[in-house]
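Report on one structure; see the data block that follows.
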Ligand SMILES: *Cc1c(COP(=O)(O)O)cnc(C)c1O
């Protein structure tokens with residue numbers, strides 16, 4: 001099984017090479033060259049870790065990682081995947097029961113274990129470099145800290161993530177350095193890209209990209225959409241979306257033959273993708289701050305993969321739709337959901353709002369984070385405190401360390417030297 005770049009100018013590579021590289025040399029993102037044919041009967045009645053290992057096996061055919069897949073999936077997915085039935089035509093796929101209480105734990109832990117197993121010909125020190133709009137950094141930091149010895153540098157937009165998200169970046173000791181950037185998520189992402197392109201950095205480190213452009217993050221996400229689809233009848237998914245990695249994974253599961261009727265992308269006030277669905281023009285915007293901060297992305301990099309799968313927007317529109325949700329609608333939805341005994345985070349609220357606007361049919365709302373991570377937004381709306389899961393409360397009691405830099409690569413180099 002080979003992977004090709006969305007920009008078609010790099011040579012096809014096997015999965016472990018695509019994972020090692022992150023971005024393809026031509027600047028594109030890796031996508032499967034051919035899609036395997038999946039035998040659904042083989043996948044019935046399995047727990048998620050076994051299901052994922054079997055579903056992903058053809059994606060690692062002839063790859064050194066293939067033989068490790070059962071072990072990687074067992075160790076990576078050692079927490080529950082919950083599908084909550086709300087009514088006959090509505091379920092919630094809760095993806096936030098991992099160590100950092102967001103869906104990013106699936107991809108980050110799978111990536112960490114793949115990275116640990118990949119033998120790398122380059123000799124210099126490995127370093128994970130990651131930009132985060134909120135939850136990626138925490139999941140990557142926790143995953144590499146608990147599963148590997150590889151050091152991590154996390155860049156986040158100073159003052160633009162929740163206190164509890166920040167805690168999840170800054171408590172890990174010397175293996176994980178947290179860098180607060182005076183700027184936006186797009187600045188953080190740009191600095192990371194510059195480092196990857198810098199000959200100096202390449203000389204000093206073997207950089208590992210842990211952002212959602214990395215193939216190792218998308219594959220397990222595709223697996224949970226496939227798993228959830230088999231567990232519910234005739235489902236469409238509503239996916240809270242920012243950098244559109246999770247939505248890409250849902251479209252990949254759909255493409256693999258898991259008859260998913262529709263993938264609906266719920267965005268916040270960052271409307272680049274909904275605008276594309278409206279007028280067919282790809283016109284990235286500056287990101288704006290919203291209550292669903294992990295989705296504050298003005299230039300969603302994974303869209304390149306969606307575009308590669310559906311070069312024709314009409315075909316995309318047969319399989320998917322996209323909507324934008326305002327902060328006011330997020331607040332209202334958190335309140336109405338709570339009154340129905342369903343406490344949700346601001347990201348999940350975008351999807352629940354979109355569901356309230358859609359016609360009947362079986363909808364699966366994807367719940368991307370635990371509400372306790374966003375207590376400063378939620379508690380004033382519902383007038384009571386949100387219970388904190390044990391893993392998160394343990395973290396909150398640890399001391400934080402971070403360094404602040406200006407929004408430049410030179411600033412980062414200064415902080416690390
Ligand atoms: C990262 C994140 C999103 C957005 O996911 P993408 O794959 O970037 O579209 C949504 N909700 C939460 C809680 C997140 O952490």
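FYI, it's all coordinate maths here, none of it is from the lab. All values reported here derive from a predicted model rather than from experimental measurement. Please note: Cβ atoms are built from the backbone with ideal geometry, for glycine as well, and neighbour counts cover all protein chains shown.
Quick one: what do you get for the range 1-124 if you divide its Cα Rg by 2.2 N^0.38 Å?
In units of the 2.2 N^0.38 Å rule of thumb, it is 1.20.
Can you give the % of DSSP beta bridges in the chain that are antiparallel, to the nearest 5?
Expressed as a percentage, antiparallel bridges in the chain total about 25.
With each pseudo-label sitting 7 Å past Cα toward Cβ, what's the residue 416-residue 393 distance in nm, one decimal?
With each label point 7 Å from Cα toward Cβ, the separation is 3.8 nm.
Under a no-solvent Debye model with one identical scatterer per Cα of the range 5-52, what's log10 I(q)/I(0) at q = 0.13, 0.30, 0.32 Å⁻¹?
These q points yield log10 I(q)/I(0) values of -0.45, -1.06, -1.16.
How do the peptides 219-225, 53-59, 279-285 rank, highest first, by the average count of neighbouring beta carbon atoms within 10 Å per residue?
In descending order of packing, they fall as 219-225, 53-59, 279-285.
Once Rh for the chain is found with the Kirkwood sum over Cα pairs, what is the Stokes-Einstein diffusion coefficient at 25 °C and 0.890 mPa s, in µm²/s?
115 µm²/s
Under 1.5 on a/c is rounded, so check that first for the range 91-154, then, if it is not, pick prolate when a/b is larger than b/c and oblate when it is not; a ≥ b ≥ c are the square roots of the alpha carbon gyration tensor eigenvalues.
Verdict is prolate for the range 91-154.
Given a cut-off of 20 Å, what percent of all Cα-Cα pairs of the range 25-88 lie beyond it?
Here the long-distance tail beyond 20 Å is 45 percent of all Cα pairs in the range 25-88.
Please work out, to two decimal places, the log10 of the ratio I(q)/I(0) at q = 0.13 Å⁻¹ from a Debye calculation in which every Cα of the range 206-326 carries one identical scatterer.
After summing over all Cα pairs, the log10 values are -0.49.
Taking the range 311-365 on its own, what percent of its Cα-Cα pair distances exceed 16 Å?
Of all Cα-Cα pairs in the range 311-365, 48 percent lie more than 16 Å apart.
What whole-number distance in Å separates the alpha-carbon centres of the range 68-101 and the range 327-375?
The distance from the Cα centre of the range 68-101 to that of the range 327-375 comes to 18 Å.
Using only the alpha carbons, work out the radius of gyration and Dmax of the range 195-263 in angstrom.
According to the Cα coordinates of the range 195-263, Rg and Dmax are 16.1, 53 Å.
Sticking to Cα atoms, compute the Rg of the range 146-294 to one decimal and its Dmax as the biggest Cα-Cα distance, whole number, in Å.
Reported Rg and Dmax, both Å: 17.8, 53.
So for 313, 238, fewest C-beta neighbours within 10 Å to most, what's the order?
By the 10 Å Cβ count, ascending: 313, 238.
Could you tell me whether the range 130-212 comes out rounded, prolate or oblate from its Cα gyration tensor? Rule is a ≥ b ≥ c as square roots of the eigenvalues, rounded for a/c under 1.5, then prolate if a/b exceeds b/c, otherwise oblate.
oblate
Could you order peptides 362-373, 81-92 by the average number of other Cβ atoms within 10 Å of their residues, highest first?
362-373, 81-92
Please work out the FRET efficiency for the pair residue 317 and residue 376, using the Cβ-Cβ distance as r and a Förster radius of 45 Å; give the result to the nearest 0.05.
Efficiency, rounded to the nearest 0.05: 0.75.
How big is the convex hull of the Cα atoms of the range 301-417, per residue, in Å³?
Each residue corresponds to 203 Å³ of Cα convex hull volume.
Roughly how many nanometres apart are two label points built 7 Å out from the Cα toward the Cβ at residue 362 and residue 289?
Simple spin-label model gives 4.2 nm for this pair.
Hey, what's the Kirkwood Rh for the range 352-396 if you take every pair of different alpha carbons, in angstrom?
12.9 Å
What is the distance, in nm, between label points placed 7 Å from the Cα along the Cα-to-Cβ direction at residue 40 and at residue 385?
It works out to 4.8 nm between the two label points.
Highest first, please rank the peptides 339-351, 37-49 by the mean number of other Cβ atoms sitting within 10 Å of their residues.
Ranked by mean Cβ neighbours within 10 Å, highest first: 339-351, 37-49.
Using 0.36 nm per residue of separation minus the Cα-Cα distance, give me the extension gain between residue 281 and residue 84 in nm, one decimal.
Residue separation times 0.36 nm, minus the Cα-Cα distance, leaves 67.2 nm.
Shape of the range 65-210 from its Cα gyration tensor (a ≥ b ≥ c, root eigenvalues): rounded if a/c is under 1.5, otherwise prolate when a/b > b/c, or oblate?
Here the range 65-210 falls in the oblate category.
So for the range 238-307, Kirkwood radius off the Cα pairs, Stokes-Einstein at 25 °C and 0.890 mPa s: how many µm² s⁻¹?
In µm²/s, the coefficient rounds to 198.
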